[in-house]
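The values are calculated or read from the model by the stated rules, or taken from the named source; none is laboratory data. These figures come from a predicted structure and were not determined experimentally. Here the Cβ is made from the backbone with ideal geometry for all residues, glycine too, and neighbour counts use every protein chain on show. Ligands, DNA and RNA are excluded from the accessible area calculation, which covers all protein heavy atoms including side chains. Shrake-Rupley method; radii C 1.70, N 1.55, O 1.52, S 1.80 Å.
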Amino acid sequence: ATPNRDGLFTLGWSGPNPLEYPTLGYTLQHRDSAPGANWSTVATVFESLSFAFGGSGEKEGTWTYRVQGSDGTHSETTEFSPSSEPVKVDRTAPYTPTATPSRAPDFAGGGGWYKNSVNVSFTGNGDPGLSDGSAGSGVDASTLSATKTLSTSGSDEACGTVADKAGNVSALGCVTLQVDATPPSLEISCPATALIGEAGIQATVKAADGYSGLKTDPTGTVPIDTSKAGEQTTTRTAVSNVGLETTRSCATEVKYTAPGAPALTSGVTPNGTGLFTLGWSGPNPAQHPGLTYA
């Protein structure tokens, strides 16, 4: 075929058959497309109306061919045939394609990070000329690598190739990108219970992100409100630099303290009327609506 990449092909021509004229031979000549190129002899063929390039094949270039018949026994030489149509031998691969991400990074720091995934497309960069100065066979756009999607957290590489119309395949065109598809890790722990009014009760928060890093880092301690009884929920959110979020909560049950033992606050013991006042320690119902003592 033309173009081809190995220089292996067969040329044939019309004319008297050397099998019928044993002293007749054909001289095959070629000329490449370099400016001022001269015809040179490839081979003299007997017993055939064709010539096959074998071994390492025809050299790279855009070639035209002609043949001339001669019969030394009868001192006969024909004119050269008309020149053949060009045959292109292209042994050179196309230029490496360019790999291009579909968008700018979602976070420019740390070398650039993409949220969840990014597509990478490939663009051909043409086909170099041949060694004789003629044009290459041209890029075959149908062979350009399809768009690739990177979606694994961390650094990943997308590579593609393209072939020319002779079948030569380019070197890999690659791009290395960083993807963050993993929400931050977040741990939050609270005491299961606390007493009302108890001081120093707090939740412990630990956040981390092994990829793009944290934009919002709630790591540390969070005071827990013990001013009222009931379940107190502590919630915190960690946000990565590309915008992935993780929210965690923990709960602490704030309980009333047991009242102290009742004691006389007015009256005496013993007394003869049964009239006296008892008092005890504990959370004040005036500050905690709903609390009663029996």
Filtering the stretch 224-245 down to residues that are modelled with pLDDT of 95 or more and either open to solvent by 90 Å² or more (accessible area, probe 1.4 Å) or assigned to a strand (DSSP E or B) (or both) yields E231, Q232, T233, T234, T235, R236, T237, A238, V239, S240, E245
Under 18 Å from L130 (Cβ atoms), open to solvent by less than 40 Å² (accessible area, probe 1.4 Å) and hydroxyl-bearing (S, T, Y), is that true of Y65? yes
Taking the stretch 213-223 and keeping residues part of a strand (DSSP E or B) and on the phi < 0 side of the Ramachandran plot leaves L214, K215, T216, T221, V222, P223
Going through the stretch 111-150 in order, the residues found to be within 19 Å of the chain's Cα centre (by Cα), among the small types (G, A, S) and outside any strand (DSSP E or B) are G111, G112, S117, G124, S145, A146
Residue hits (the stretch 151-188; under 18 Å from the mean Cα position of the chain (by Cα), closer than 14 Å to W113 by Cβ and open to solvent by less than 70 Å² (accessible area, probe 1.4 Å)) are S151, S153, G154, D156, L177, Q178, V179, D180, A181, T182
If we ask which residues in the stretch 268-294 are out of contact with any strand residue (DSSP E or B) (no Cβ under 6 Å at 6 or more places or on another chain) and loosely packed, with under 11 Cβ neighbours inside 10 Å, their number turns out to be 15
- Query: Hey, does the stretch 246-263 have a residue that's open to solvent by 20 Å² or more (accessible area, probe 1.4 Å), within 30 Å of K115 (Cα to Cα), in contact (Cβ under 8 Å) with a residue 60 or more places away in the chain and assigned to a loop (DSSP other than H, G, I, E, B)?
  - Reply: no
Flagged pairs (Cβ under 6 angstrom, 6 or more apart or on separate chains; first in the stretch 157-178, without any contact (Cβ under 8 Å) to a residue 24 or more places away in the chain; second among the acidic types (D, E)) are T176/E157
The residue that is most open to solvent (accessible area, probe 1.4 Å), considering only those in the stretch 196-223 that are charged (D, E, K, R) and within 19 Å of P183 (Cα to Cα), is K215
